[in-house]
Amino acid sequence: MAKVHIHVGAHRTGSSAFQMFLDINAAALRAQGFDLAYPDRDGAEGGRLKLFLPAPRHTPDTVDWRVKKARHNLARQVSDPSRALILSEENILGRMDPFYHGQFYPFLRARARFMARVLDGRPVGRILLVVRPYDSLFLSAFRKRSEDNEMGDFNGIRDRMELFEGDGWPEVALTLIEELQPRKLVVIPYQRPRRELDLARALVPALDPASLREPELPVNASLSDAGLFELQRRYRDAVAPDRAMIEQVRVQYAGVKADRPYAGFTEAQTEKLRVRYHQDLDTLRLMMGLEVIEPPQQRPAPA
C-alpha cells in the first residue's frame with residue numbers, strides 16, 4: 001500500500017483554508033496521482049471524510065464499531081491503495097473544550113491510536129502539524145466557540161489557560177510520532193498571510209505546483225468583537241444559534257467597534273504564554289524525526 005500523508009491541522013490554524021485548497025485543486029491533485037480525504041466543512045463541498053473519532057465517554061465496543069465505520073468511509077475515498085493518499089482532519093488532535101479547563105488535547109493519544117487502527121497497516125509518510133502561539137490559540141478558540149454557544153466571561157477561565165497542564169506542542173508532536181510512526185513529522189508555525197501551497201508541499205514535497213491555485217476568499221474567519229457581544233446578548237435572551245443569523249451578524253457588525261475587547265489575557269499572561277510557546281518551538285527543533293519549517297519572516301537570522 002502507498003503512504004498516507006496526514007495534515008492533522010490543529011484548531012484555529014487555518015485547517016479550513018487548507019481543506020479548501022484541496023477541494024478547489026482536487027482534480028489537479030488526483031491527476032498527479034493522489035487520492036484525497038477531507039471533510040466538507042466551511043465550503044470544501046467535495047469533502048466526504050468522516051472519521052467517527054472517539055470521545056472519552058465511548059466504551060471499547062463503541063470504539064471498535066467506530067473504527068469499522070471510519071475504515072469503511074475512508075475506503076470510499078481511495079480509488080487504488082497503490083496511490084498515495086492526502087488526508088486532512090483537524091479533529092484528530094481532539095476538541096477545543098479542554099482548553100477552557102486548563103488542558104491541552106488530553107485525549108490525543110487515544111485518538112491517534114484510533115487513527116492507526118483506521119489506517120489498518122497503511123504506512124504514514126509525512127504528518128503536517130501547524131502550531132499556533134498559546135495565547136492567540138486559546139483566544140481564537142474561545143471566540144470561535146462563542147459564535148454558536150452561550151459562553152461565560154473569559155476572565156473566569158483565563159487563569160486556567162495560562163497554567164494549562166501538559167507539555168504543549170512538544171507532547172503533541174511526540175504522541176503523533178509514537179502512535180502513527182510517520183516517516184517524518186513536519187511542524188510549521190502558524191502565520192497569516194500564507195500560501196496553502198506551501199503547506200501542501202511541506203506535506204507532500206513531490207507535488208507539482210504548476211496547476212495548483214490558492215483559495216480566493218477568507219475561510220472560517222472570526223466575528224468582530226461587536227458581533228460576538230451581540231450574539232452573546234441574543235443567546236442570553238434564549239435565541240437559538242442559527243447559521244444564517246450568525247452570518248447576518250458577521251456582516252452587520254463587521255465595521256462596528258466595540259468599547260472593549262471581547263476576550264483577552266493580561267499583559268503578564270500573554271508574555272508568559274508566548275515565552276512558553278517559543279521555548280516549546282526550541283524543543284521541537286531539537287526533536288528527532290521532526291522538522292520545523294520556519295515561515296520566511298520568522299526564520300532566525302544566520303549567525
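Looking only at residues in the stretch 162-198 that are part of a helix (DSSP H, G or I) and β-branched (V, I, T), the one that is farthest from L108 (Cα to Cα) is I177. For V131, the conditions (1) touching a Phe, Trp or Tyr at 6+ places or on another chain (Cβ under 7 Å); (2) closer than 29 Å to V249 by Cα all hold with the exception of (2). Residues in the stretch 33-70 that are polar (S, T, N, Q) and surrounded by 15 or more Cβ atoms within 10 Å (Cβ to Cβ): none. For the stretch 14-59, filtering for residues that are in contact (Cβ under 8 Å) with a residue 24 or more places away in the chain, closer than 22 Å to P98 by Cβ and assigned to a loop (DSSP other than H, G, I, E, B) leaves 7.
In this entry, P81 passes the filter for residues that are touching a residue at least 12 places away in the same chain (Cβ under 8 Å), surrounded by fewer than 21 Cβ atoms within 10 Å (Cβ to Cβ) and more than 30 Å from D153 (Cα to Cα).
Restricting attention to the stretch 64-78, the residues that are out of contact with any helix residue (DSSP H, G or I) (no Cβ under 7 Å at 6 or more places or on another chain) and in contact (Cβ under 8 Å) with a residue 24 or more places away in the chain total 5.
What do you reckon, is L212 more than 18 Å from the chain's Cα centre (by Cα) and surrounded by 12 or more Cβ atoms within 10 Å (Cβ to Cβ)?
Details: more than 18 Å from the chain's Cα centre (by Cα): yes; surrounded by 12 or more Cβ atoms within 10 Å (Cβ to Cβ): yes.
Yes, satisfied.
Under the condition of being assigned to a helix (DSSP H, G or I), touching a helix residue (DSSP H, G or I) at 6+ places or on another chain (Cβ under 7 Å) and more than 25 Å from T62 (Cα to Cα), the residues counted in the stretch 104-136 number 2.
Within the stretch 245-270, restricting attention to residues that are small (G, A, S) and within 24 Å of the chain's Cα centre (by Cα), which residue is nearest to D153 (Cα to Cα)? Give the derivation first.
Initial filter on the stretch 245-270 (small (G, A, S)): 254-255, 258, 263-264, 268.
Imposing the further condition that a residue be within 24 Å of the chain's Cα centre (by Cα) reduces the set to 263-264.
On the way: A263: 8, G264: 10 Å.
Checked the stretch 245-270; the qualifying residue nearest to D153 (Cα to Cα) is A263.
On the basis of being of a type in the set (A, V, I, L, M), modelled with pLDDT of 95 or more and touching a strand residue (DSSP E or B) at 6+ places or on another chain (Cβ under 8 Å), does L180 make the cut? The answer is yes for L180.
Within the stretch 225-281, how many residues are among the aliphatic types (A, V, I, L, M), modelled with pLDDT of 95 or more and surrounded by 12 or more Cβ atoms within 10 Å (Cβ to Cβ)? Looking only at that region, the number is 12.
From the residues in the stretch 30-78 that are under 22 Å from the mean Cα position of the chain (by Cα) and of a type in the set (G, A, S), which one is modelled with the lowest pLDDT? Full working, then the answer.
Residues of the stretch 30-78 that are under 22 Å from the mean Cα position of the chain (by Cα), as a first pass: 34-56, 66-67, 70-71, 73-74, 77.
With of a type in the set (G, A, S) added as a condition, the list becomes 37, 43-44, 46-47, 55, 70.
Working: A37: 98, G43: 76, A44: 86, G46: 93, G47: 95, A55: 96, A70: 98.
Going through the qualifying residues, I end up with G43.
The set of residues in the stretch 255-296 being without any contact (Cβ under 8 Å) to a residue 40 or more places away in the chain and touching a helix residue (DSSP H, G or I) at 6+ places or on another chain (Cβ under 7 Å) consists of V256, K257, A258, P261. Within the stretch 137-159, take every residue that is polar (S, T, N, Q) and part of a helix (DSSP H, G or I) and give me the one that is nearest to V249 (Cα to Cα). Checking each candidate, the answer is S146.
The numbered conditions (1) crowded, with 16+ Cβ neighbours inside 10 Å; (2) of a type outside the set (S, T, N, Q); (3) over 30 Å from P170 (Cα atoms) are all true for L108 except (3).
The values are calculated or read from the model by the stated rules, or taken from the named source; none is laboratory data. Treat the numbers as computed from the prediction; the structure is a model and nothing was measured. Glycine also receives a Cβ, built like all others from the backbone with ideal geometry; neighbour counts cover every protein chain displayed.
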